[in-house]
Ligand code: MV4
């Protein structure tokens, strides 16, 4: 096992990884920017090393500085967390070339799956259903119009190097196609440094379901069931739950078998997630793979009892998976609310400043993953997510009641958060019924604005 790991991240996920390392007897190295000197991950790690100024491009995204920090501290492995360098194949390769272990899948798999039209081809070859769409990238606007015609409108233009819904364009009618195609291409160029785009049939108001998978270097692949990510705003998830309430066992089993197929086809070695969209008739389609640990991994941990971060570290060190598929049993129901420093009543504008007082919820079945503490100052430089509230109950309704109670206990003074948004959502008739799809938040926000609820 590794003696020392560098955590190439900040915030609650850095804290989460440090906790796993401590329980495993592994020494930890935190990295931090000058804006994060007082951060909790810096205080909890055994060592901490500054990697640059507050702007992430100069610190947390600065590969040379991060690698130098790892070499200087004699770290044997680097855990990238999520965001930042976690899905950067160049970084993964650099870590390996410098004689350390990247805690994640192989750089080639990160690269292959990061190219979303290539990922589609790999998925088709593995025999897993994808949304009808273009074969690879689109070329000229004229050819693209022809492809769209054969797929049938509405179609969706997606950035090949995008992902997570950024830069997607729905085209309803052929008359709008060329204009939106050109907009999508220039947006892709501006955001991802590459103007490649591909095409998919637009599935209207689907459910958004993802499967957690784990693989090791010995050819073992398991899935840890699914998460439902349907409460999201502008492709930022707000609430995740597991398992998915509306999914039949038949569809779940078929999807799970396909997850293993794709894991095997890519020799997937570490934690990953397959995203699917599911239509009203429970037809499911692969849309993307995320080759990292995700923000919402705790809901899977709560229903399976498996520590995904520890498992990532173990398989990265060359161990076999410590459990088999038969060991993965779903127990109860889990929900996660992402608490962000933002103002829902003011266009979700980020809220920064000092946390003056703080009371965290607790009790049976309540988990809080956070980096905030009294007098901590929220920086404008980073993501607004400051706390993940995760609850576990025997069933969905018990989990919802626990979440309501936990939100009532949560008190964060000094900044504005979205906790009331979550509180309303936990009381919304359609949410409680489980009667929602990806169109739900938009309707909910309109209701709130009208004062109906
Ligand atoms: C789609 C889709 C419908 N049809 N692809 C959004 C996140 C990214 N990972 C992929 N996403 C989607 N891809 C096809 N072919 C619907 C989504 C989607 C979505 C779209 C609009 C508004 C909210 C959404 C929430 C989840 C998924």
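Values in this text are rule-based calculations from the coordinates and carry no lab data. For clarity, every value in this text was computed on a predicted model and none was experimentally measured. Note: ideal-geometry Cβ built from the backbone for every residue, glycine included; neighbour counts use all protein chains shown.
For the chain, the pair-distance distribution built from all alpha carbon pairs, in bins 10 Å wide starting at 0, is 4, 20, 30, 29, 14, 2, 0 percent. Altogether, the Stokes-Einstein calculation at 25 °C and 0.890 mPa s, with the Kirkwood radius of the range 1-68 over Cα pairs as Rh, returns a diffusion coefficient of 209 µm²/s. Once the Cα-Cα distance is subtracted from the 0.36 nm per residue extended length, the residue 172 to residue 217 segment shows a gain of 11.7 nm.
DSSP assigns beta bridges within the chain; of those with both partners inside it, close to 80 percent run antiparallel. The ranking of 323, 177, 421 by Cβ neighbour count inside 10 Å, starting from the fewest, reads 323, 177, 421.
With 0.36 nm allotted per residue and the present C-alpha distance subtracted, the residue 3-residue 364 stretch has 126.6 nm of extension available.
Sorted ascending by nearby beta carbons within 10 Å, beginning with the fewest, 425, 289 become 425, 289. At full extension, residue 186 and residue 395 could sit 70.6 nm farther apart than now, given 0.36 nm per residue minus the alpha carbon distance.
Per-residue Cβ neighbour counts within 10 Å put 229, 50 in the sequence 50, 229, beginning with the fewest.
In the chain, helices alone account for a calculated mean residue ellipticity at 222 nm of -10000 deg cm²/dmol, with every DSSP H run of four or more residues adding -39,500 (n - 2.57).
So, in nm, how far is label residue 74 from label residue 142 when the simple model puts each one 7 Å beyond its Cα toward the Cβ? Placing both labels 7 Å along Cα→Cβ, they lie 6.6 nm apart.
Considering only the range 31-180, what is the antiparallel percent among its DSSP beta bridges, to the nearest 5? For the range 31-180, the DSSP antiparallel bridge percentage is about 45.
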